[in-house]
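A short write-up of the structure that comes next.
Every number here is computed from the coordinates shown, using simple stated rules; none is lab data. Bear in mind the structure is a predicted one, so any value in this text is a computation, not a measurement. So basically every Cβ, Gly included, is an ideal-geometry build from the backbone, and we count neighbours across all protein chains shown.
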Amino acid sequence: MANEQASTLSFSIQEAVWLNRGQEIDSVMSLELEPEIAIEEAEEHVTVKGNLVLTGEYRPGKEVDATQQQRNASLSEQVSFRSIDEVRISEEGHGEIRHPFPIDVTIPRSRISNLDEVYVNVESFDYDLPGNGCIELQADLAITGMRGEFNAPANEDSEENRDEEEEEEEEYVEKVVTEDDLDGDRTFHFEGFRPPEWQQPPQQEAEEVEPAVRSEPAAEEQKISNGTSEKQAWQSPSYEQQEEQQEPLSAVSGNEQPHAYDQASSEEEEEPAEDLYAMRYEEETFGQEEEEEYEEYEEPAEEQPRDENALYLTKVLANNDEGEEFSRLRMCIVQAGESIETIANRYKLQVSHLMRTNNLNEERVEEGQILYIPTRKTSSASS
Amino acid sequence: MGELEHLKAAYGFTKGDWIVPGEKLNTERGIKVVRRWANTQLMNWHIQWRESVDNRGLCLINRMIRTADGDMALLDTKGWLTLHDEVTSLFSYENRERDAAALVAGAAAVGMKMKGTDAKRPVMTEKCLLDAVKKLPSDTDPVVMSIIKKTLTEAVARLGKAETLPAMAEEDLPVMDPFTGLAQGREVYGQLFWTFSGREPEKGFRSMAGFLKEYSGAAGKKGLIVFLDEIDSFEVLSEEHYLEILREALVPWEFIRTADKIEKAGAKNPEKAYLLLEEMYKEWEQSRSFVLAFSEWVDGKREKVAN
């Protein structure tokens with residue numbers, strides 16, 4: 001005899017994210033954990049698959065021991081630089097964090113009554129900074145909209161039935177954590193997993209319901225740089241002034257100016273030295289609200305082939321959110337000089353809403369305080 | 001006497017017809033290209049340069065064809081001109097790296113002895129980068145501006161990395177005819193025929209770095225290493241030269257060039273700007289993989305020496 005009730009599959013994750021060299025953190029300004037997950041329905045099971053994407057902003061720390069690092073590093077380590085789509089420094093000089101945690105959960109079809117009610121929610125998350133280049137993240141996740149099945153007391157339970165149940169339990173939740181295959185110095189590991197609350201047997205063996213954990217190469221951050229075909233490049237002129245013609249092909253007059261930048265630099269006007277960032281991020285010049293721009297920034301779609309679209313980069317860097325399918329949790333770390341009003345304005349919220357979400361009794365926040373930013377919960381998953 | 005008749009007489013051709021009037025003519029000794037020189041000093045430098053390279057017997061080059069009187073240039077009513085063979089078949093570098101490497105090493109060797117020009121090493125500063133962005137119209141497409149500003153940060157970082165590498169003294173840098181691309185290599189009778197550009201001589205390795213970058217993009221990392229090993233085998237270039245090449249490859253020339261082009265395209269043409277950004281992206285990636293492969297190769301050389 002089965003007892004049905006709406007239920008939630010909850011589990012926790014605990015991960016450590018190491019940023020690349022040169023991305024040390026002085027302080028974290030905001031963090032957001034957002035599920036980017038698709039739900040696929042097969043005949044016998046439903047797969048909840050995708051990434052939990054950690055994004056945020058931090059104030060980069062000073063390069064501690066940069067000289068020493070340089071001294072110890074090989075030449076190739078010293079001079080390597082980032083691809084344009086790897087650049088994660090915002091226009092205000094803040095570092096940007098983006099790290100996907102792959103999630104893959106398989107649920108028997110029979111445990112889901114209505115696919116439209118399946119949501120993946122981040123119920124809470126917190127972080128710690130054990131070292132300058134590391135963020136330790138802990139999050140509680142919930143998959144809602146499932147049907148709980150609880151067997152009646154074991155009076156009719158045969159040995160066979162129990163075996164079957166155990167087998168079913170084992171295949172019930174398969175959590176596949178895809179190992180991050182990004183840079184060698186970026187690691188994270190799967191540490192914690194809790195079986196669904198409703199399925200935790202009241203008696204024992206909670207630990208026995210272990211998820212199957214396996215690694216597979218993540219295509220997520222496949223570098224587009226690898227896409228250059230060797231053949232095509234034999235014909236690609238790429239440096240110097242390409243418009244100039246070769247001498248033997250046509251007669252040209254001899255007064256080209258190949259060193260335009262040399263001249264530019266020698267014609268420098270006497271201007272007061274400007275602070276790089278001050279100039280670089282002149283808001284009045286560019287008329288952009290940087291905060292907004294940052295929030296709208298989104299990574300390229302997975303496995304987008306490089307040559308598919310000539311405007312790839314533009315799309316990658318300019319992409320806006322296209323439909324939020326899952327609820328997300330966002331937090332903000334109050335910076336010096338910020339008030340609850342400024343934060344509420346930034347996120348286009350009412351102060352009262354922000355206070356309610358954070359259980360605040362007064363309209364006062366302090367530097368370093370963490371505020372949870374309420375976000376909309378939109379549509380459910382599509383199959 | 002017309003220009004053509006003058007040319008035929010001066011160079012001793014019995015047959016000669018314009019293919020492109022004033023530029024290219026067909027003679028009984030093949031197709032010849034006319035190069036006019038507004039700057040006599042530049043012409044003299046190139047005569048000297050090509051003769052010096054030619055004397056090393058590295059490969060065939062587009063040297064100045066001598067007149068019937070043995071002169072390398074001809075003065076007519078329009079000024080000075082020189083005449084050159086035209087070769088259009090492109091050289092295939094694959095498995096013939098040594099031929100091209102001999103030219104590159106030989107050009108550097110000649111360049112180290114070529115003195116007496118006003119050529120200066122091209123210089124890029126952070127201010128140049130910032131100015132290039134500053135010059136963009138204020139109504140530039142916000143997406144374009146956003147990408148440019150994000151890239152500026154990394155361009156500055158690239159420049160910073162370049163500046164940490166040891167620089168050679170100005171007087172020790174070679175002065176060479178700038179490399180313009182793989183297409184400079186042509187093939188005639190199964191041999192490499194090198195077409196020098198005839199541009200203003202360049203001090204340093206900027207264009208050589210660009211050439212190697214292009215080579216790397218075409219031949220891949222493996223091909224590049226073979227090519228570098230071949231160049232190195234001539235023992236013309238030392239580690240300090242290689243570090244100079246690396247410096248030049250690190251300097252984000254493509255960023256500033258793109259910003260300039262976007263400025264010229266104007267704010268009302270964002271589509272053009274997007275395409276320019278795409279081009280920059282490709283070149284940036286080419287620089288990135290070249291810098292990595294080249295620096296690893298230098299690391300490898302250091303290890304060999306240490307062992």
Residue satisfying all of: in region B:139-165; farther than 24 Å from A:Val79 by Cα and free of Cβ contacts under 8 Å to residues at least 40 places away in the same chain; surrounded by the most Cβ atoms within 10 Å (Cβ to Cβ) among these = B:Met145
Among (1) more than 10 Å from every other protein chain (Cβ to nearest Cβ); (2) over 17 Å from B:Lys161 (Cβ atoms); (3) part of a helix (DSSP H, G or I); (4) without any contact (Cβ under 8 Å) to a residue 60 or more places away in the chain, where does B:Ile245 come up short?
-> (2)
Restrict the check to region B:157-176 and report whether at least one residue is part of a helix (DSSP H, G or I) and within 17 Å of the chain's Cα centre (by Cα).
-> no
Which numbered condition B:Glu214 misses (of (1) more than 10 Å from chain A (Cβ to nearest Cβ); (2) within 29 Å of B:Val133 (Cα to Cα); (3) not hydrophobic (A, V, I, L, M, F, W, C)) = (1)
Can you find a residue in region B:124-137 that is surrounded by fewer than 16 Cβ atoms within 10 Å (Cβ to Cβ), facing chain A (nearest Cβ under 7 Å), part of a loop (DSSP other than H, G, I, E, B) and in contact with a helix residue (DSSP H, G or I) (Cβ under 6 Å, 6 or more places away or on another chain)?
-> yes
Can B:Val226 be described as within 30 Å of B:Met43 (Cβ to Cβ), among the β-branched types (Val, Ile, Thr) and surrounded by fewer than 19 Cβ atoms within 10 Å (Cβ to Cβ)?
-> no
Go through region B:197-209 and count every residue that is crowded, with 24+ Cβ neighbours inside 10 Å, part of a loop (DSSP other than H, G, I, E, B) and more than 7 Å from chain A (Cβ to nearest Cβ).
-> 2
Note on B:Glu283: of the conditions (1) more than 9 Å from chain A (Cβ to nearest Cβ); (2) assigned to a helix (DSSP H, G or I), unmet is (1)
Any idea which of (1) farther than 29 Å from B:Val34 by Cα; (2) touching a residue at least 60 places away in the same chain (Cβ under 8 Å) is the one B:Glu170 doesn't satisfy?
-> (2)
Residues in region B:225-236: is at least one on the phi < 0 side of the Ramachandran plot, facing chain A (nearest Cβ under 9 Å) and either in contact (Cβ under 8 Å) with a residue 12 or more places away in the chain or not aromatic (Phe, Trp, Tyr) (or both)?
-> no
Hits in region B:258-274 - residues which are within 10 Å of another protein chain (Cβ to nearest Cβ) and either touching a Ser or Thr at 6+ places or on another chain (Cβ under 9 Å) or within 18 Å of B:Ala157 (Cβ to Cβ) (or both) | B:Pro270, B:Ala273, B:Tyr274
Restricted to region B:176-194, and to residues that are in contact with an Asp or Glu (Cβ under 7 Å, 6 or more places away or on another chain) and of a type in the set (A, V, I, L, M), which residue is nearest to the other protein chains (Cβ to nearest Cβ)?
-> B:Leu182
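Please pick out the residue among B:Thr195, B:Thr164 that is closer than 23 Å to B:Ala38 by Cα and β-branched (Val, Ile, Thr).
Exactly one of B:Thr195, B:Thr164 is closer than 23 Å to B:Ala38 by Cα and β-branched (Val, Ile, Thr), namely B:Thr195.
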